[in-house]
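Below is one structure, written out as structure tokens; comments come after it.
The values are calculated or read from the model by the stated rules, or taken from the named source; none is laboratory data. From a predicted model like this one, the values you see are computed outputs, not experimental measurements. Cβ coordinates were reconstructed from backbone atoms using ideal geometry, including for glycine residues, and neighbour counts include every protein chain displayed. Side chains included, ligands, DNA and RNA excluded: accessible areas come from the protein's heavy atoms. Shrake-Rupley method; radii C 1.70, N 1.55, O 1.52, S 1.80 Å.
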Amino acid sequence: MLKIGTFSKLSRISVRMLRYYEEMGLLAPNEVDTATGYRYYGEGQLMEAERIRALREMGFGIGAVREILSACHDPAALEQLLRIRREELCGEIQAAKQRLLLLETTLKRVGKDGIVENYNVTVKEIPGRYAASLRKSIPDYAREGELWGQMMEETAPQHIQMAEPCWSMAIFHDKEYREESVDVEIQMAVKGRYTDTPHVRFLELPPQLVAAVTCKGSYQQMAGVNQVLASWIAGNGYEMDGPMFNIYHVGPAQTQDPEEWITEVCMPVKPRG
């Protein structure tokens, strides 16, 4: 039998955590001296302690560790639990990458005086055009690429030709920011005439007046761009007149380097009056 201090050294788990695991019903000592309160662990419990330590390092909470240990006799159930945690970790890694990218983008755009550099706003008319359009509800904004893939797949048999410029854009129809079930429409100007597919419509679109900002870099900066646009519109005699949209001059289809992406953020406007 091993005293708690010795067991702590051999298992590489602090005495404090061993007491906590006992309290939570996760790892109890084999014996407790009722007179002294000393706790004794069996050598065979070192393997159980190692499993707990490894699972905790993977990020599992106490409840999940208890569930996994109880599933050790069922390899299929154990594999499923571990796969779920792997997916969670992948999501956490992706979220951390997005936060890091936002930080790096902000650092690059901070001027020498410590103020984030300004964006230039212009008012322009997007010309009328004939375009392929696909509008769907997608799980979140990051899944927009799936719409482009679907458009290309459904229109491939017709060998559509893109116009010059092609005005590839995404229109965000929701009246508020949504974390899920996002209403997005993508459009691409084309030349020639084509037949609608199950999800893609070919439309004649009228000219549209917009206030626009062209920016280079990742999409993490969009909140700042939107703020600049909204402030400029309010202060220059215009009002918003429809859902905002992005025109992708250079995007993931052309390069995987976010720093090379060029996006024109457009807010439809009309003179206030």
Matching residues in segment 134-173 (open to solvent by less than 60 Å² (accessible area, probe 1.4 Å), closer than 22 Å to Leu205 by Cα, of a type outside the set (A, V, I, L, M) and assigned to a loop (DSSP other than H, G, I, E, B)) number 4
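Given the structure, is Glu176 in a loop (DSSP other than H, G, I, E, B) and of a type outside the set (A, V, I, L, M)?
Here the answer is yes, as Glu176 does meet what is asked.
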Name the pairs: first residue in segment 72-89 and within 14 Å of Leu55 (Cα to Cα) and modelled with pLDDT of 80 or more, second residue open to solvent by 90 Å² or more (accessible area, probe 1.4 Å) and assigned to a helix (DSSP H, G or I), Cβ to Cβ under 9 Å, at least 6 apart or on different chains? Leu81/Glu67
Given the criteria open to solvent by 40 Å² or more (accessible area, probe 1.4 Å) and touching a Ser or Thr at 6+ places or on another chain (Cβ under 7 Å), does Leu203 qualify? yes
Segment 202-220 residues that are closer than 17 Å to Ser231 by Cβ, paired with ones that are open to solvent by 30 Å² or more (accessible area, probe 1.4 Å) and among the charged types (D, E, K, R) (beta carbon under 8 Å, 6 or more apart): Val210/Lys124; Val210/Glu125; Ala212/Lys124
If I filter segment 245-259 down to residues being at pLDDT below 90 and not in a loop (DSSP other than H, G, I, E, B), which single residue comes out as nearest to Asp183 (Cα to Cα)? Pro258
Please work out which residue is surrounded by the fewest Cβ atoms within 10 Å (Cβ to Cβ), limiting yourself to segment 206-248 and to residues that are touching a Pro at 6+ places or on another chain (Cβ under 7 Å) and farther than 15 Å from Cys266 by Cα. Gly237
Options Met17, Met58; residue that is at negative phi, within 35 Å of the chain's Cα centre (by Cα) and open to solvent by 50 Å² or more (accessible area, probe 1.4 Å): Met58
What pairs can you find where one residue is in segment 35-48 and open to solvent by 80 Å² or more (accessible area, probe 1.4 Å), the other is part of a helix (DSSP H, G or I) and not hydroxyl-bearing (Ser, Thr, Tyr), and their Cβ atoms are less than 8 Å apart, with a gap of 6+ or different chains? Tyr38/Ile4
Subset of segment 179-199 [surrounded by 13 or more Cβ atoms within 10 Å (Cβ to Cβ) and not in a strand (DSSP E or B)]: Tyr194, Asp196, Thr197, His199
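For (1) at pLDDT 95 or above; (2) over 20 Å from Ala163 (Cβ atoms); (3) of a type in the set (D, E, K, R), each residue gets a yes or a no:
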position: Lys112; (1), (2), (3): no, yes, yes
position: Asn118; (1), (2), (3): no, yes, no
position: Thr122; (1), (2), (3): no, yes, no
position: Arg129; (1), (2), (3): yes, no, yes
position: Ala132; (1), (2), (3): yes, no, no
position: Arg135; (1), (2), (3): yes, no, yes
position: Pro139; (1), (2), (3): no, yes, no
position: Leu147; (1), (2), (3): yes, no, no
Would you say Thr197 is of a type in the set (Ser, Thr, Tyr) and free of Cβ contacts under 8 Å to residues at least 40 places away in the same chain? no
